[in-house]
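See structure below.
The values are calculated or read from the model by the stated rules, or taken from the named source; none is laboratory data. As the structure is a prediction and not an experimental result, all values here were calculated from the model. For neighbour counting, all protein chains shown are included, and Cβ atoms are generated from backbone atoms with ideal geometry for every residue, glycine included. These area figures cover heavy atoms from the full protein model, side chains too; ligands, DNA and RNA do not enter into them. Shrake-Rupley method; radii C 1.70, N 1.55, O 1.52, S 1.80 Å.
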Amino acid sequence: LLSGAVAAYAVSQVAVAAALPGVAIAAALVPPLAVVGYGLGTVDFDIAGGAFLLFTVNFAAIVLSGALMFLLLGVRPPLQNERGQQTRSGLLLAVGGLVLVLIPLILTGQTARVKGLEEQAIRMIVEGYWPPEQVAVEDLYISNSRSGYEVNFTLYDYGSYVTNADIAAMQKEMESAVDQPISIFSRTILASLKAVGEE
């Protein structure tokens with residue numbers, strides 16, 4: 001929004017540097033386009049799609065804020081009888097475009113919120129499954145896969161508390177919590193817990 005407003009103001013002022021509008025707009029549009037290229041290059045269409053959505057939102061916001069800034073500065077079409085119609089149609093087009101791209105953005109945000117809650121539930125199950133004086137959980141990493149979630153972690157077992165049955169039960173508990181398949185990749189390291197200062 002700010003980039004579009006600054007660019008529109010710069011275009012309408014003779015004293016402002018000509019490069020300013022390009023710099024303001026490029027700062028909002030080039031980074032997401034670069035990420036689109038990265039996503040396509042690595043065949044990661046989730047990254048490419050998300051970045052392209054950000055690009056379209058930024059583009060629509062620049063058009064809308066630029067149109068409003070021109071309106072505030074008194075920039076109008078040259079012919080008197082066309083001014084009202086062109087102003088209305090231009091603003092309606094800018095607002096409509098922004099609304100159209102906001103719909104998938106809101107849906108994407110809702111999906112991300114649900115994923116965040118699911119990952120938090122998985123994290124709480126793993127970290128709270130054993131008392132910390134028995135088993136410590138380290139290097140916990142949760143990622144999405146096409147078939148559900150992949151959960152990676154390392155367990156430091158201070159007394160042979162971890163069993164295969166525990167891991168299987170934990171997996172079922174996580175699947176019940178998020179209602180999706182869970183793949184667990186865990187490593188258990190037998191360790192000893194020493195008091196501070198103990199050799």
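Test Asp166 against the stated conditions and say whether it is at pLDDT 80 or above, open to solvent by 80 Å² or more (accessible area, probe 1.4 Å) and more than 30 Å from Leu53 (Cβ to Cβ).
Details: at pLDDT 80 or above: yes; open to solvent by 80 Å² or more (accessible area, probe 1.4 Å): no; more than 30 Å from Leu53 (Cβ to Cβ): yes.
For Asp166, the condition - at pLDDT 80 or above, open to solvent by 80 Å² or more (accessible area, probe 1.4 Å) and more than 30 Å from Leu53 (Cβ to Cβ) - is not met.
I'm told Ser160 meets every condition in (1) within 30 Å of Gly66 (Cα to Cα); (2) of a type outside the set (Val, Ile, Thr); (3) surrounded by fewer than 17 Cβ atoms within 10 Å (Cβ to Cβ) except one. Can you identify the failing condition by its number?
Ser160 satisfies every listed condition except (1).
Given (1) open to solvent by 40 Å² or more (accessible area, probe 1.4 Å); (2) in contact with a helix residue (DSSP H, G or I) (Cβ under 8 Å, 6 or more places away or on another chain); (3) over 25 Å from Ile184 (Cβ atoms), identify the lone condition not met by Ile103.
For Ile103, the exception is condition (2).
Please determine whether any residue of the stretch 102-112 is farther than 30 Å from Gly66 by Cα and touching an Asp or Glu at 6+ places or on another chain (Cβ under 9 Å).
No, because not a single residue in the stretch 102-112 is farther than 30 Å from Gly66 by Cα and touching an Asp or Glu at 6+ places or on another chain (Cβ under 9 Å).
Just give me the residues in the stretch 25-67 being farther than 19 Å from Pro104 by Cβ, surrounded by 18 or more Cβ atoms within 10 Å (Cβ to Cβ) and hydrophobic (A, V, I, L, M, F, W, C), in sequence order.
Hits for the stretch 25-67 are Ile25, Ala67.
So for the stretch 113-123 (the condition being under 30 Å from Asn58 (Cα atoms), touching a helix residue (DSSP H, G or I) at 6+ places or on another chain (Cβ under 7 Å) and open to solvent by 60 Å² or more (accessible area, probe 1.4 Å)), does at least one residue qualify?
No, the stretch 113-123 contains no residue that is under 30 Å from Asn58 (Cα atoms), touching a helix residue (DSSP H, G or I) at 6+ places or on another chain (Cβ under 7 Å) and open to solvent by 60 Å² or more (accessible area, probe 1.4 Å).
Do you know which residues across the stretch 80-100 are hydrophobic (A, V, I, L, M, F, W, C), modelled with pLDDT under 80 and open to solvent by less than 90 Å² (accessible area, probe 1.4 Å)?
Leu91, Ala94, Val95, Leu98
Tally the residues that are free of Cβ contacts under 8 Å to residues at least 24 places away in the same chain and either touching a Leu at 6+ places or on another chain (Cβ under 8 Å) or not in a strand (DSSP E or B) (or both), restricting the search to the stretch 139-174. Outline the logic, then answer.
In the first step, residues of the stretch 139-174 are kept if they are free of Cβ contacts under 8 Å to residues at least 24 places away in the same chain; the result is 139-143, 146, 163-165, 167-169, 171-172.
From the residues that got through so far, the ones that are either touching a Leu at 6+ places or on another chain (Cβ under 8 Å) or not in a strand (DSSP E or B) (or both) too are 146, 163-165, 167-169, 171-172.
Total meeting the criteria: 9.
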